[in-house]
Amino acid sequence: MEQTLVILKPSCVARGLMGEVISRIEKKGIIITAMKMMQLDEKILREHYAHLVDRPFFPGLAASMMATPVVCMVLKGIDVVEVFRKMTGATNGRKAEPGTIRGDLSMSGQANIIHASDSVENAKIEIARFFSPEEVMDYTPANLGFLYADDEL
Ligand code: IDP
Ligand code: MG
């Protein structure tokens with residue numbers, strides 16, 4: 001099954017929204033295979049946001065991502081990268097559709113609650129950046145036959 005990397009940002013942790021986001025993941029039937037709290041530093045953020053390092057808002061973005069510990073997670077499911085990006089919503093919380101995590105929980109273009117990998121290729125790179133292989137559990141819940149039809153598995 002496909003995997004994706006999610007980060008609960010300081011805007012999620014500090015506002016007490018970790019449980020809300022994790023609950024949405026669980027209720028959707030997405031499987032959590034790794035989860036840990038981490039304090040990010042400039043080095044890992046320059047890698048993770050390499051596509052934004054030259055933008056004027058990068059120093060502020062990096063500071064906002066270091067403001068509190070974050071929670072990193074690996075999620076597993078069929079097509080989970082695309083499914084979870086849809087659940088995440090547009091980058092700016094003011095533009096994200098109601099019903100999405102950002103649309104329901106954020107009013108900001110920067111403090112937008114979560115990161116979610118945007119492609120299968122990037123998910124693999126990002127999972128390896130934040131987790132060692134032994135930290136990602138080889139775990140499938142017992143109710144798998146009720147999450148998917150047999151011919152989907
Ligand atoms: P994404 O998180 O929806 O994939 P990206 O364009 O990859 O969006 O940007 C990564 C993160 O950088 C965003 O989630 C947001 O926190 C921050 N960001 C993106 N664009 C801006 C901006 O114009 N101003 C401030 N922060 C931004
Ligand atoms: Mg992105």
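Taken together, the values in this text are just the output of simple stated rules run on the coordinates, not laboratory data. Since we're looking at a predicted model, the values are computed, not measured. FYI the Cβ positions are ideal-geometry reconstructions off the backbone, even for glycines, and counts take in every protein chain you see.
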Distance between the range 47-95 and the range 132-153 - C-alpha centres, whole angstrom: 25
Reachable aspartates and glutamates, given that their alpha-carbon falls under 19 Å from the alpha-carbon of K43 and they are not under 8 places away in the same chain: D54, E126
Set of lysines with alpha-carbon distance to K86 below 28 Å, sequence-local pairs under 8 removed: K9, K27, K28, K36, K76, K95, K124
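G109: net charge of surrounding residues, Cβ under 11 Å, Lys/Arg +1, Asp/Glu -1, itself excluded?
Values: positive: R94, K95, R102; negative: none.
Charge balance near G109 sits at +3.
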